[in-house]
Amino acid sequence: MRNYREMDMGWGRLAYRKFDPDPDLTAEAVPMMLLHGGGGDGTTWDDLVATFAERRTVYVPDLRGMGRSDRAGPYSMTVMRDVVLLLLDRLALDRVILVGHSLGGFAAMLAAQAAPHRVTALVLEECPPPVPLGIAVPADLDDSAPYYDREIRPSILRDLNAPDPAWWRSLDTITAPTLVLAGGRASFLPQDTIAAVAARIPAGRLVTIEAGHQIHRDAPDEFVAAVNSFLGAAADGAQERCCE
């Protein structure tokens with residue numbers, strides 16, 4: 001499960017894993033990339049990745065400064081976006097399904113704004129909406145190694161508390177079918193604003209799973225069912241458009 005590879009990204013080494021589809025099953029053409037949230041690494045997907053990799057290649061990176069990737073600041077949401085886009089370049093992935101949780105969802109959202117032609121489907125799990133959130137920024141943090149660089153949390157929270165207004169305005173430039181997964185009443189994020197994000201994305205769809213912020217961890221069966229149903233519908237829609 002944890003057979004890591006490394007990629008030289010210019011700023012340092014990024015660790016990632018690649019999971020190939022079952023050779024006995026018909027493989028889907030478009031690969032998937034799973035992006036973890038802040039304060040964690042790619043292992044957060046370990047219980048689900050085999051299911052997603054049954055019929056498609058799946059990539060699971062440790063984002064910059066987290067997991068087994070190098071600690072290399074500075075950190076911001078645009079930095080994380082650029083990490084995703086550069087990794088797609090280095091892996092020669094012209095088209096990809098992006099699935100992101102929390103910080104990873106925000107990076108995926110920005111990547112889909114910056115390069116809409118490269119994202120065929122987008123899943124945003126409990127993605128902080130790009131509006132001022134007013135989250136307390138810790139003044140002092142214990143060293144959190146080996147999970148993530150201690151500078152990430154305050155840097156990212158400052159971005160979330162004062163987001164670039166263009167991030168909200170550009171939601172309507174996302175062309176990919178988009179599943180916005182909300183965690184419901186137990187989440188600390190504003191659920192009405194998450195719903196507004198889904199409404200602003202042209203092909204956005206909102207699904208609420210009452211599991212809190214960590215849907216894929218605390219309600220894995222519901223998470224997989226929602227994602228697979230969405231991807232099936234997205235593929236059917238793409239086929240219909242192709243044949244019109």
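Values for this structure:
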{"item": "Candidates Ala136, Ala114 - the one that is closer than 23 Å to Leu157 by Cα and over 15 Å from the mean Cα position of the chain (by Cα)", "result": "Ala136"}
{"item": "Selection count where residues are of a type in the set (A, V, I, L, M, F, W, C), more than 15 Å from Gly10 (Cβ to Cβ) and open to solvent by 10 Å² or more (accessible area, probe 1.4 Å), scope region 67-83", "result": "0"}
{"item": "Region 198-224: number of residues that are open to solvent by 70 Å² or more (accessible area, probe 1.4 Å) and either of a type in the set (Phe, Trp, Tyr) or part of a strand (DSSP E or B) (or both)", "result": "3"}
{"item": "Where Ala195 falls short, out of the listed (1) in contact with a Gly (Cβ under 9 Å, 6 or more places away or on another chain); (2) open to solvent by 20 Å² or more (accessible area, probe 1.4 Å)", "result": "(1)"}
{"item": "Enumerated strands (runs of 3 or more DSSP E) restricted to region 49-144, each holding at least 3 residues that are over 19 Å from Asp172 (Cβ atoms) and touching a Phe, Trp or Tyr at 6+ places or on another chain (Cβ under 7 Å)", "result": "58-61"}
{"item": "Residues (hydroxyl-bearing (Ser, Thr, Tyr), surrounded by 15 or more Cβ atoms within 10 Å (Cβ to Cβ) and more than 19 Å from Gly232 (Cα to Cα)) located in region 161-192", "result": "Ser170, Ser187"}
{"item": "Residues (under 24 Å from Glu151 (Cβ atoms) and open to solvent by 10 Å² or more (accessible area, probe 1.4 Å)) located in region 40-66", "result": "Gly40, Asp41, Thr43, Thr44, Arg64"}
{"item": "First in region 58-71 and touching a residue at least 40 places away in the same chain (Cβ under 8 Å), second anywhere and of a type in the set (S, T, N, Q) and in a loop (DSSP other than H, G, I, E, B), Cβ under 8 Å, 6 or more apart", "result": "Pro61/Ser69; Asp62/Ser69; Leu63/Ser69"}
{"item": "Options Pro163, Pro130; residue that is farther than 30 Å from Ala53 by Cα, under 17 Å from the mean Cα position of the chain (by Cα) and at pLDDT 95 or above", "result": "Pro130"}
{"item": "Answer residue from region 1-15, given it is outside any loop (DSSP other than H, G, I, E, B) and open to solvent by less than 20 Å² (accessible area, probe 1.4 Å) and is nearest to Ala225 (Cα to Cα) among those", "result": "Ala15"}
{"item": "Residue in region 18-39 that is surrounded by fewer than 21 Cβ atoms within 10 Å (Cβ to Cβ) and not in a loop (DSSP other than H, G, I, E, B) present", "result": "yes"}
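Each row is one residue, and each column tells you yes or no for (1) open to solvent by less than 30 Å² (accessible area, probe 1.4 Å); (2) modelled with pLDDT of 95 or more; (3) within 21 Å of Leu34 (Cβ to Cβ); (4) in contact with a Ser or Thr (Cβ under 8 Å, 6 or more places away or on another chain).
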{"residue": "Ala107", "(1), (2), (3), (4)": "yes, yes, yes, no"}
{"residue": "Ala111", "(1), (2), (3), (4)": "yes, yes, yes, no"}
{"residue": "Glu125", "(1), (2), (3), (4)": "yes, yes, yes, yes"}
{"residue": "Arg158", "(1), (2), (3), (4)": "no, no, no, no"}
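The values are calculated or read from the model by the stated rules, or taken from the named source; none is laboratory data. In this text, all values refer to a predicted model and were calculated from it rather than measured experimentally. Neighbour counts are summed over all protein chains in view; Cβ atoms, including those assigned to glycine, are modelled from backbone coordinates with ideal geometry. The area values use the complete protein model at the heavy-atom level, side chains included, leaving out ligands, DNA and RNA. Shrake-Rupley method; radii C 1.70, N 1.55, O 1.52, S 1.80 Å.
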